[in-house]
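All remarks here apply to the structure that follows.
The values are calculated or read from the model by the stated rules, or taken from the named source; none is laboratory data. What you are looking at is a predicted structure, and each value in this text was computed from that prediction instead of being measured. Heads up, the Cβs are rebuilt from the backbone with ideal geometry, glycines too, and the neighbour counts pull from every protein chain shown. Side chains included, ligands, DNA and RNA excluded: accessible areas come from the protein's heavy atoms. Shrake-Rupley method; radii C 1.70, N 1.55, O 1.52, S 1.80 Å.
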Amino acid sequence: TNRMATITMQYNLDSLYVLMDKLYRRNPAEWKKTAASREDAILKVRSAITQRAPWPGLQDQRDIRALSLALTPDFAGDRVAAFIYASADMIIAAHGGKTEFFLVDSLDAQHIYNAARNVEIAVWLLASRRNANGQPLLLADDMATGARNLSFEREFGKIVGRLDVLATFMTEKYRRAGINYVQNLIGGGFIQFLPVR
């Protein structure tokens, strides 16, 4: 379980970094609010995520509060940085504030499930909310005639899928542990075979 959670976390962070690069390419005005180049902006956001440092434009808000702030139409900072940082922070918070997991660590399946739903909500808000000029908050998926680019949706879908699988796996792990305990209690105490059908 701990190895699966660590791998899932790394893949989800990698997906967010891919999305950040893609969003910066489609919204170059955003990285200019953070750094002198797109690459520098990406490094700053990655560093804040890995060091668990607060992002300057989010008024010391974390996880879902930061995500909410990043998706408000009047947000004036680097929206790509804020959105990716807040998404990563929310996913990490759902995993107990950790990115690596060991045998003694435990995870709450409900929190991980909730993180998956939060990602879905954030993607929907990103696609549906508009700024004061009626423009999307960020240019992402493109549904223009003749060329459909849904690569953002697919990458977010991978994150949601991984979180859902991990939550399901965690739930099954605890269910199996309970069954094994009861079987050992009944079978071990009376030295009986248990029914198989």
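Data overview
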quantity: Qualifying residues in region 42-58 (those that are more than 16 Å from the chain's Cα centre (by Cα) and among the polar types (S, T, N, Q)) - the one most open to solvent (accessible area, probe 1.4 Å); calculated: Q51
quantity: Leading residue by the ranking (farthest from R25 (Cα to Cα)) among those in region 64-74 that are open to solvent by 30 Å² or more (accessible area, probe 1.4 Å) and among the hydrophobic types (A, V, I, L, M, F, W, C); calculated: I64
quantity: Condition check for L103: open to solvent by 40 Å² or more (accessible area, probe 1.4 Å) and modelled with pLDDT of 95 or more; calculated: no
quantity: Residue in region 79-88 that is of a type in the set (G, A, S) and in a loop (DSSP other than H, G, I, E, B) present; calculated: no
quantity: Residue count, region 29-46 (criterion: over 14 Å from F83 (Cβ atoms) and hydroxyl-bearing (S, T, Y)); calculated: 1
quantity: Close pairs (9 angstrom Cβ cut-off, 6 or more residues apart or separate chains): free of Cβ contacts under 8 Å to residues at least 24 places away in the same chain in region 77-88, surrounded by fewer than 24 Cβ atoms within 10 Å (Cβ to Cβ) and assigned to a helix (DSSP H, G or I) anywhere; calculated: none
quantity: Of all residues making up region 42-58, the number that are in contact with an Asp or Glu (Cβ under 7 Å, 6 or more places away or on another chain) and part of a loop (DSSP other than H, G, I, E, B); calculated: 1
quantity: Check on D74, assigned to a loop (DSSP other than H, G, I, E, B) and either out of contact with any strand residue (DSSP E or B) (no Cβ under 8 Å at 6 or more places or on another chain) or more than 21 Å from V160 (Cβ to Cβ) (or both); calculated: yes
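Here is a yes/no grid of residues against (1) surrounded by fewer than 17 Cβ atoms within 10 Å (Cβ to Cβ); (2) of a type outside the set (A, V, I, L, M, F, W, C):
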site: H95; (1), (2): no, yes
site: D108; (1), (2): yes, yes
site: I121; (1), (2): yes, no
site: A127; (1), (2): yes, no
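This table checks each residue for (1) more than 30 Å from T171 (Cβ to Cβ); (2) open to solvent by less than 60 Å² (accessible area, probe 1.4 Å); (3) among the hydrophobic types (A, V, I, L, M, F, W, C); (4) in a helix (DSSP H, G or I).
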{"site": "R3", "(1), (2), (3), (4)": "no, no, no, yes"}
{"site": "T6", "(1), (2), (3), (4)": "no, yes, no, yes"}
{"site": "Q10", "(1), (2), (3), (4)": "no, no, no, yes"}
{"site": "L13", "(1), (2), (3), (4)": "no, yes, yes, yes"}
{"site": "L19", "(1), (2), (3), (4)": "no, yes, yes, yes"}
{"site": "Y24", "(1), (2), (3), (4)": "yes, yes, no, yes"}
{"site": "E30", "(1), (2), (3), (4)": "yes, yes, no, yes"}
{"site": "A36", "(1), (2), (3), (4)": "yes, no, yes, no"}
{"site": "D40", "(1), (2), (3), (4)": "yes, no, no, yes"}
